[in-house]
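A short worksheet on the structure shown next.
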Amino acid sequence: MDFQGVSARVAEIRGQIAEAVARGGHGQAVRLIAVTKTHGPEAVLAAAAAGITDVGENKVQEALAKQEALTAAGTMPAGLTWHLIGHLQTNKVKALPSFGLFHAMDRPKLADEAAAMAAKRGVTLDVLMQVNVVGEETKGGYELAAVAAEADRLRRMPSLRVKGVMTMAPFDAPESVLRQVFRGAREAREQLRAAGHDAQELSMGMSGDYLIAVEEGATMVRLGTVLFGARGG
């Protein structure tokens, strides 16, 4: 695939994000996470060449294969942060130290397994709590009503640093629902803060809705199609 246009698209998107920040009035800095799933390691290199320092992958095996290929070739970009943004089975928590941030901590059992693994290895994991604001059956995540109690429970897991909230809005939802979802994520972040977590991040917004997410306070947007074109495979 030809990634020659990525730098120009990144520049355009950064300008749009700046305008959305101004419209929303939250004054936040926004990190652009290039979602490279189903693309080869060359997508990671294209993103880095365009000045992006964060890449996101949905699947552990695909991410680790790209990391290995880039490292073996001596082309791993310096200063790159890898984000795991997809659903994770509990038996794969051992891979989490290979990522700078895990976005999809979506259930208590996964938190327990991740915390136990990290404590055993003597590491601390940075994670986001995934929330399911409108109760979509096809998506994981904590309901808003469960966030406060889980936030208190997570404070007793020192091997996890809960850095904020991640959410996904329903596909093709009207703007009113998008804003409901993103505002709900903001509310969840406030509950984390009230429980004593250093929760600064709001990972929300993808190629179809990221400008609305930024208006609502997103600090991270996860962009794939708008950067690299339609996914294959």
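The values are calculated or read from the model by the stated rules, or taken from the named source; none is laboratory data. Computed from a predicted structure; not experimentally measured. Backbone-built Cβ (ideal geometry, glycine too); neighbour counts: all protein chains shown.
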Which of the numbered conditions does residue 225 fail, given that it passes all the others? Conditions: (1) farther than 23 Å from residue 12 by Cα; (2) in contact with a Lys or Arg (Cβ under 9 Å, 6 or more places away or on another chain).
(1)
So, in region 191-206, how many residues would count as being assigned to a helix (DSSP H, G or I) and in contact (Cβ under 8 Å) with a residue 12 or more places away in the chain?
3
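Results for (1) of a type outside the set (A, V, I, L, M); (2) part of a strand (DSSP E or B); (3) over 18 Å from residue 187 (Cβ atoms); (4) in contact with a Cys (Cβ under 6 Å, 6 or more places away or on another chain), shown as yes or no for each residue.
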position	(1), (2), (3), (4)
92	yes, no, yes, no
128	no, yes, no, no
133	no, no, no, no
136	yes, no, no, no
Residue ID - farthest from residue 102 (Cα to Cα), chosen from residues in region 46-78 that are among the charged types (D, E, K, R) and touching a residue at least 24 places away in the same chain (Cβ under 8 Å)
66
Of the candidates 134, 35, the one satisfying the condition of being at pLDDT below 95, aliphatic (A, V, I, L, M) and either surrounded by fewer than 22 Cβ atoms within 10 Å (Cβ to Cβ) or in contact with a Gly (Cβ under 9 Å, 6 or more places away or on another chain) (or both) is 134
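So that you can scan it fast, the table gives a plain yes or no per residue for (1) of a type in the set (A, V, I, L, M); (2) in contact with a Phe, Trp or Tyr (Cβ under 9 Å, 6 or more places away or on another chain); (3) modelled with pLDDT of 95 or more:
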{"position": "151", "(1), (2), (3)": "yes, no, yes"}
{"position": "157", "(1), (2), (3)": "yes, no, yes"}
{"position": "164", "(1), (2), (3)": "no, no, yes"}
{"position": "168", "(1), (2), (3)": "yes, no, yes"}
{"position": "181", "(1), (2), (3)": "yes, no, yes"}
{"position": "189", "(1), (2), (3)": "no, no, yes"}
{"position": "203", "(1), (2), (3)": "no, no, yes"}
{"position": "209", "(1), (2), (3)": "no, yes, yes"}
{"position": "217", "(1), (2), (3)": "no, yes, yes"}
Which one is farthest from residue 14 (Cα to Cα), of the residues in region 200-213 that are more than 14 Å from the chain's Cα centre (by Cα) and among the hydrophobic types (A, V, I, L, M, F, W, C)?
212
Could you please find all residues in region 20-32 being farther than 16 Å from residue 201 by Cα, loosely packed, with under 15 Cβ neighbours inside 10 Å and touching a residue at least 40 places away in the same chain (Cβ under 8 Å)?
23
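Yes or no, residue by residue, for (1) crowded, with 21+ Cβ neighbours inside 10 Å; (2) in contact (Cβ under 8 Å) with a residue 24 or more places away in the chain; (3) in a loop (DSSP other than H, G, I, E, B); (4) under 18 Å from the mean Cα position of the chain (by Cα):
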{"position": "139", "(1), (2), (3), (4)": "no, yes, yes, yes"}
{"position": "146", "(1), (2), (3), (4)": "no, no, no, no"}
{"position": "157", "(1), (2), (3), (4)": "no, yes, yes, no"}
{"position": "161", "(1), (2), (3), (4)": "no, yes, no, yes"}
{"position": "181", "(1), (2), (3), (4)": "yes, yes, no, yes"}
{"position": "189", "(1), (2), (3), (4)": "yes, yes, no, yes"}
Give region 207-230 a look and list any residue that's of a type in the set (Asp, Glu) and assigned to a helix (DSSP H, G or I), or say none.
215
Exactly one of 56, 51 is of a type in the set (Gly, Ala, Ser), at pLDDT 95 or above, closer than 19 Å to residue 220 by Cα and surrounded by fewer than 17 Cβ atoms within 10 Å (Cβ to Cβ), and that one is 51
So, in region 83-106, exactly how many residues are surrounded by 19 or more Cβ atoms within 10 Å (Cβ to Cβ) and not β-branched (Val, Ile, Thr)?
11
